Amino acid sequence: MNTLFTTENKRTLVYILIAYTFSVALRMVWVYQFADAQSMKFAGEFMINTNDGYFWAEGARDIINGISQPNDLSPVTQAASQLTAFFSRILPFTFESIIFYMSALLSSLVVVPIILIAKRVHNLEMGLIAALLGSIAWSYYNRTMVGYFDTDMLNIVLPLFLLWSVIWAVDTKEDIYLLITAFDILLYRWWYPQSYALESSFWLLLLLWTLLFERKSIYNYKLLSIMLVAMLNIDGSWRFGAIFALFYIFSQKKSEKYIYHILLLSIGAYFITGGFDPIWDKLKAYVFTTTVAKDEGGLGLHYFTVMQTVREAGHISFETFANRISGHIVTFMLSLAGYLWLLYRYKIMLFTLPMLALGFLALTGGLRFTIYAVPVLAFGMAFLISEISHRLTNSKALRYLFMSLATLAVLYPNYKHIEAYSVPTVFNAAEVEVLNKLKDIAQREDYVVAWWDYGYPIRYYSDVKTLTDGGKHSGAVNYPVSYILTRPQLQAARMARLDVEFTEKSFQPLQKGKKRFSNIEEMVKAYGLKDPQQFLKALGQNIEMPKKSRDVYIYLPLRMMDIFPTVAIFSHIDLKTGKRLQQPFFYKSTNFRQKGKDILLGDGVRLDKEKGVVHIGKQELPVKRFVKTMYDEKMQLHTEISNIHKNGLSVIFLSSYRIFLVVDESAYNSLYVQLFVLQNFDKKLFTPVILTPYAKVYRLNI
Ligand code: MN
C-alpha cells in the first residue's frame, strides 16, 4: 500500500483534479453567457446544440422507456445511446440535463490519460500543462462543449487511454497492461466502430517497434497477440471471453515457448474473422474511386448529390488548421518544435504518431480531424515550456513562475475563442413547444414529413417516424421530400402519402433475386409506367392512391424560409437525364428600407409599389399580386391580397415578422408558401393541427 501513496502519485492525483476542474469550468462559460436565454431552454434546461445529438438522445429515450420499434431508425443498440441511458438510470438528474452536460464532463476526462502518460516519463509538470491546453484547445472545445452531445465526447479520451496503456505496457512490461490495453480496445470499439483505424495503426507501430528495438521481448509479442484478439471482427462478448482466455494462457510459463505460434494464430484469426476487411474496403475505395454501380433492371434515374451542398469536407487554410489544433499559429509552430524535441528525448513518445497523423489528415480530409492532433501537440508545447524553465534557472520559484506565465500565454487565445464562440441551440423553445405538443397528437408509428435538417429533433421531441434525417438524406430520399415542400398542394399531398407508404414497404424483406430501387422508381413502376415524367404528371391528375396505413403530418418551420432554394434544388432535376430544371424564384429580405416611393429590399432588389413592379438588377418585372400577412392580438393570421397585374411575381410582406418575400408563381403555389406563409390550405387535403408563428403542422387527409 505504501507504494500507492508516494508523493508522485499524490501529485498526479492533484494535477488531474486541477486540470479536470479547469476543463469543466471553461465549458461553463457558455452556460454563464446564456443563463438568461429562455429561448434556448426546454423543460427548464438548456437544449443541445448539435443536430446529431438528437439521434443519440432518441436512442437513449427509447432504451429507458423499453421501446423497440422496428424500422424507426432509433439507435437503441449503439454505445452513445446506451451510455446515456445508463447515466440517466443511475444519476438523479433530468434527462435533459444529462444530454446537455455529458459532453463537458466526459470529454474533460481527457486530462487523465494525458497526465498519466506524462507520469511515465516522470514529468508531471509537462502533464499538467498539456492537460490544461489539450482539454480546451480550439477544435477540441468546439466538439466537446456543453450541449455538443455526440460521440466526440469520448473519441479522443478513449484512444488516449489506449495510447497510455500501450506506452505503459511497453515501458513497464507489467502483465496488468496486457489486460488494460485489450479492454481499452474493446471499449473504444464499442463506443466508436471506426476505431479500427487508430487501433491498427497502434498495432503496426508496436510491431515495428518490437522488430527494431525489442526483437527478443516475449512480452511485446504477448501484447501484439492480445491486441489482435481484442480487434477481432466478432461480437464484443466473445472478444471479452477470448481476452481472458489468452491472458490466462499467458500466465502459464509454458506458453512462452509457443509465443510465436500464438501470435501467428491471432493474426490468422484476425484475417479470417474479417478484422482487416474495413481497412481493405477503405483502401479499395481510394484505389478504385471511379467504379460506378450498375443499375441493372432499373430506369437509370438521376438524383442530386448532397455533397454539392454540404461544405464540411472542404479544404482548410493552414492558419485555420493551426488555430484549431493549438489556438494560435505561433503556439502551433512552437508545439511542433517541442514535439520533435520530446520524441528525441523520450523514444516511447513515438507511439503518439498515429494520432498526430490522423489530426494532420484535416489538411486534406476536412477539419473535423484536427481534434486528434490537439493532445499530441499539447504535449509538445508543454514539454517545451518545462524544458526551457529547467534551463532558465535553478530557482524552483522562478521556474514555476515562468511555467505559469508561459502556460497562461498559450491558454489565452483558446480562452478568447471560447468566450467568442456563442453557438446557438439547434432549435428554439417555441419550435420545440410545437414538437412537444405534436407528441401528444401523433402516434409513434405516424410520419412527420420535414426537411432532413429537422429529422432527428422531430423524432426526439415528437416520438414519431421521419422520411429523412441527419444520416438519411441522399439525393434519392430527398427528392420526394423536396417535391412535397415545393410543389402545389395536390401533388404534394399525394407524394407525401406515396413516399410514406413506399418507405414502409422498403423495410419489408426483398424477394429473392429482386433489387431495391429508390422510392420514386418503385412508384413509377408500381403504376406500370416507365417514364418518371408521366408519373409526376399523373400526380396532378387522376391517380389511384394506395391504402393509408397511418397518419402523416407535415412540419413547416419558419427557419425553412432561409433554405427554401436549397430544398427546391433536390426535386428540380430531370430524373431521366440529371439536368437541372428551372428553379422556383424565391427571394427573402429582412433588411429593407423605404427610399422615396420605393422599398429597397437589398441585393439590388427594389419594389416600386406605385407602378407595381419589382426591379431586380437591371430587370423590371411586373407584380402579379401584393400580399400582406399579419397576426392579430389573438395570434390569428390574416392575409390581404391585392391583385395588380395579370402575370408576374408575387410580393409578400409578412408584417409581423418584418420579412419581405419576392416569389414567382411556382414558389407562390408551393406547399411551403401556401401552408406556412399564407395558411391557405385545401381542406380536402390538409387539416391544420398546430399553427404558431414559428412552426406549423398539418395532418394529411388522404
Ligand atoms: Mn421511434
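Taking the stated definitions as given, is ALA19 surrounded by 14 or more Cβ atoms within 10 Å (Cβ to Cβ), touching a residue at least 60 places away in the same chain (Cβ under 8 Å), part of a helix (DSSP H, G or I) and away from the ligand (no atom under 16 Å from the Cβ)? Answer is yes for this residue. Looking only at segment 452-474, decide whether some residue is away from the ligand (no atom under 16 Å from the Cβ) and among the polar types (S, T, N, Q). Yes. Here is the figure for segment 484-522: residues that are assigned to a helix (DSSP H, G or I) and among the polar types (S, T, N, Q) total 6.
For segment 623-636, does any single residue satisfy the condition of being open to solvent by 30 Å² or more (accessible area, probe 1.4 Å) and in contact with a helix residue (DSSP H, G or I) (Cβ under 9 Å, 6 or more places away or on another chain)? So far as segment 623-636 goes, yes, one or more of its residues are open to solvent by 30 Å² or more (accessible area, probe 1.4 Å) and in contact with a helix residue (DSSP H, G or I) (Cβ under 9 Å, 6 or more places away or on another chain).
Residues in segment 73-83 that are open to solvent by 10 Å² or more (accessible area, probe 1.4 Å) and within 13 Å of the ligand (Cβ to nearest atom): LEU73, SER74, VAL76. Checking the structure you have, find out if any residue of segment 144-151 is assigned to a helix (DSSP H, G or I) and buried (at least 24 other Cβ atoms within 10 Å of the Cβ). No, the conditions are met nowhere in segment 144-151.
Okay, residues lined up against (1) under 24 Å from PRO488 (Cα atoms); (2) surrounded by fewer than 18 Cβ atoms within 10 Å (Cβ to Cβ):
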residue	(1), (2)
MET545	yes, yes
LYS548	yes, yes
PRO565	yes, yes
ALA568	yes, no
HIS572	yes, no
GLY578	yes, yes
LYS611	no, yes
HIS615	no, yes
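On inspection, LEU160 fails the criterion of being in the same structural domain as ASN323 (by TED's automatic domain parsing) and open to solvent by 20 Å² or more (accessible area, probe 1.4 Å).
Output the residues belonging to segment 382-391 that are at pLDDT 95 or above and open to solvent by 10 Å² or more (accessible area, probe 1.4 Å). Residues satisfying the conditions are LEU384, GLU387, ILE388.
In segment 398-446, of all residues being open to solvent by 70 Å² or more (accessible area, probe 1.4 Å) and closer than 22 Å to LEU124 by Cα, the one that is nearest to the ligand (Cβ to nearest atom) corresponds to TYR412. May I ask you to list the residues in segment 473-503 that are more than 17 Å from LEU675 (Cβ to Cβ), open to solvent by 30 Å² or more (accessible area, probe 1.4 Å) and at pLDDT 95 or above? Matches in segment 473-503: VAL477 only. Consider segment 340-373 and keep the residues that are in contact with a Lys or Arg (Cβ under 8 Å, 6 or more places away or on another chain) and under 18 Å from PRO113 (Cβ atoms). The one that is surrounded by the most Cβ atoms within 10 Å (Cβ to Cβ) is ILE371.
Contact annotation: residue pairs with Cβ atoms under 6 Å, 6 or more positions apart or on different chains, pairing a residue in segment 451-463 that is closer than 26 Å to PRO565 by Cβ and open to solvent by 10 Å² or more (accessible area, probe 1.4 Å) with a partner that is within 13 Å of the ligand (Cβ to nearest atom) and not basic (Lys, Arg), are TRP452/ASP469; TYR456/TYR54; TYR456/PHE55; TYR456/ASP469. Checked against the criterion of being at pLDDT below 95 and in contact with a helix residue (DSSP H, G or I) (Cβ under 9 Å, 6 or more places away or on another chain), the candidates LEU105, LEU91, LEU73, LEU83 yield just one match: LEU73.
The set of residues in segment 34-66 that are more than 24 Å from the chain's Cα centre (by Cα) and either within 16 Å of the ligand (Cβ to nearest atom) or assigned to a helix (DSSP H, G or I) (or both) comprises GLN38, ASN65, GLY66.
When segment 414-473 is limited to residues that are polar (S, T, N, Q) and within 23 Å of ARG497 (Cα to Cα), the one that is nearest to the chain's Cα centre (by Cα) turns out to be THR468. Note on segment 649-702: residues that are in a helix (DSSP H, G or I), of a type outside the set (A, V, I, L, M) and within 23 Å of LEU498 (Cα to Cα) total 4. For a quick check of your reading of the model, give me the residue pairs whose first member lies in segment 193-207 and is in the same structural domain as LEU163 (by TED's automatic domain parsing), whose second is of a type in the set (D, E, K, R), with beta-carbon atoms closer than 6 Å and at least 6 apart or on different chains. Pairs that qualify, where the first residue is in the same structural domain as LEU163 (by TED's automatic domain parsing) and the partner is of a type in the set (D, E, K, R), are SER195/ARG189. Would you mind stating whether LEU661 is open to solvent by less than 10 Å² (accessible area, probe 1.4 Å), within 30 Å of THR305 (Cα to Cα) and within 36 Å of the chain's Cα centre (by Cα)? Here the answer is yes, as LEU661 does meet what is asked.
Residues that are part of a helix (DSSP H, G or I), of a type outside the set (Gly, Ala, Ser) and either closer than 22 Å to ASN142 by Cα or within 23 Å of the chain's Cα centre (by Cα) (or both) occur in segment 381-404; there is at least one. Scoring GLN674 on the criteria (1) more than 31 Å from the chain's Cα centre (by Cα); (2) open to solvent by 40 Å² or more (accessible area, probe 1.4 Å) leaves a single failure, condition (2).
Could you list all residues from segment 274-303 that are under 30 Å from the mean Cα position of the chain (by Cα) and at pLDDT 80 or above? Across segment 274-303, the qualifying residues are GLY274, GLY275, PHE276, ASP277, PRO278, ILE279, TRP280, ASP281, LEU301, HIS302, TYR303.
The values are calculated or read from the model by the stated rules, or taken from the named source; none is laboratory data. Nothing here was measured: the structure is a model prediction, and the numbers come from that model. Every residue, glycine among them, receives a Cβ derived from its backbone with ideal geometry; neighbour counts consider all protein chains shown. Just so you know, the surface numbers come from the protein's heavy atoms only, side chains and all, with ligands and any DNA or RNA stripped out. Shrake-Rupley method; radii C 1.70, N 1.55, O 1.52, S 1.80 Å.
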